[in-house]
Amino acid sequence: VTQTLTVMGKKYAVILDTVGVEKMIQKEPKRKITFLPDKKTIAGYNCLKAFVDFESDTLPDFDVYYTNDINIETPNWSSPFREIKGVLMEFRIQKYGVDMILTAKNVIKKEIEEGHFELTPDFKIITIEEMDKMFEDMN
């Protein structure tokens with residue numbers, strides 16, 4: 001997994017292997033995901049509902065909607081929603097003191113050119129802790 005950040009003209013990247021991803025997920029608040037029978041259409045896709053219940057009362061519980069109609073194998077393997085086998089179409093995330101609800105507006109099926117996600121030499125490779133500190137300092 002590669003995360004990038006461009007701030008005031010400077011480019012940074014964090015590169016995590018599967019061990020790094022696992023460590024990142026372990027830092028996330030503990031949660032239980034319950035799959036529910038409710039359905040909803042988002043961006044033209046049939047979506048199923050799941051309920052995210054945090055063990056701690058410090059974070060609000062919320063609903064997630066996902067679809068199995070987009071054929072991506074294990075799309076959430078690198079996220080706290082890894083138990084959900086479908087593509088997330090609406091979910092909530094709280095990071096760096098910002099609470100966001102993300103909802104898909106459309107889905108575009110498109111071939112991506114070879115090398116599209118390769119980093120250019122102007123990216124400085126940093127650790128996840130350094131990136132976390134940069135975001136915390138912005139608050």
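Quick notes on this structure:
- Where a residue in the range 28-53 is aromatic (Phe, Trp, Tyr) and its partner, wherever it lies, is not in a strand (DSSP E or B), with Cβ under 6 Å and at least six apart: Tyr45/Asp69
- Yes/no for Ile33 being within 19 Å of the chain's Cα centre (by Cα), among the β-branched types (Val, Ile, Thr) and at pLDDT 90 or above: yes
- Verdict on Glu130 being among the acidic types (Asp, Glu), out of contact with any strand residue (DSSP E or B) (no Cβ under 7 Å at 6 or more places or on another chain), open to solvent by 70 Å² or more (accessible area, probe 1.4 Å) and not in a loop (DSSP other than H, G, I, E, B): yes
- So Lys124, is it within 24 Å of Lys11 (Cα to Cα), basic (Lys, Arg), loosely packed, with under 13 Cβ neighbours inside 10 Å and touching a helix residue (DSSP H, G or I) at 6+ places or on another chain (Cβ under 8 Å): no
- Filter result (surrounded by 10 or more Cβ atoms within 10 Å (Cβ to Cβ), modelled with pLDDT of 95 or more and part of a loop (DSSP other than H, G, I, E, B)) within the range 95-106: Ala104
- Filter pass, Ile84 being of a type outside the set (Asp, Glu), within 24 Å of Asp137 (Cβ to Cβ) and under 14 Å from the mean Cα position of the chain (by Cα): no
- When Lys11, Lys39 are screened for being touching a Cys at 6+ places or on another chain (Cβ under 7 Å), modelled with pLDDT of 90 or more and more than 18 Å from Leu102 (Cβ to Cβ), only Lys39 passes.
- Residue within the range 55-68 that is within 15 Å of the chain's Cα centre (by Cα), open to solvent by 70 Å² or more (accessible area, probe 1.4 Å), at pLDDT 90 or above and aliphatic (A, V, I, L, M) present: no
- Condition broken by Val52, with the remaining ones in (1) exposed (fewer than 14 other Cβ atoms within 10 Å of the Cβ); (2) more than 30 Å from Ile125 (Cβ to Cβ); (3) of a type outside the set (Ser, Thr, Tyr) satisfied: (1)
- Every condition in (1) in contact (Cβ under 8 Å) with a residue 24 or more places away in the chain; (2) open to solvent by 60 Å² or more (accessible area, probe 1.4 Å) is met by Val21 except one, and the failing one is (2).
- Within the range 4-17, restricting attention to residues that are farther than 21 Å from Ile93 by Cα and free of Cβ contacts under 8 Å to residues at least 24 places away in the same chain, the residue that is least open to solvent (accessible area, probe 1.4 Å) is Gly9.
- Residue match in the range 30-41 (condition: open to solvent by 60 Å² or more (accessible area, probe 1.4 Å) and within 28 Å of Met138 (Cα to Cα)): yes
The values are calculated or read from the model by the stated rules, or taken from the named source; none is laboratory data. It should be emphasised that the depicted structure is a prediction, and the values quoted were computed from it without experimental measurement. Cβ coordinates were reconstructed from backbone atoms using ideal geometry, including for glycine residues, and neighbour counts include every protein chain displayed. Ligands, DNA and RNA are excluded from the accessible area calculation, which covers all protein heavy atoms including side chains. Shrake-Rupley method; radii C 1.70, N 1.55, O 1.52, S 1.80 Å.
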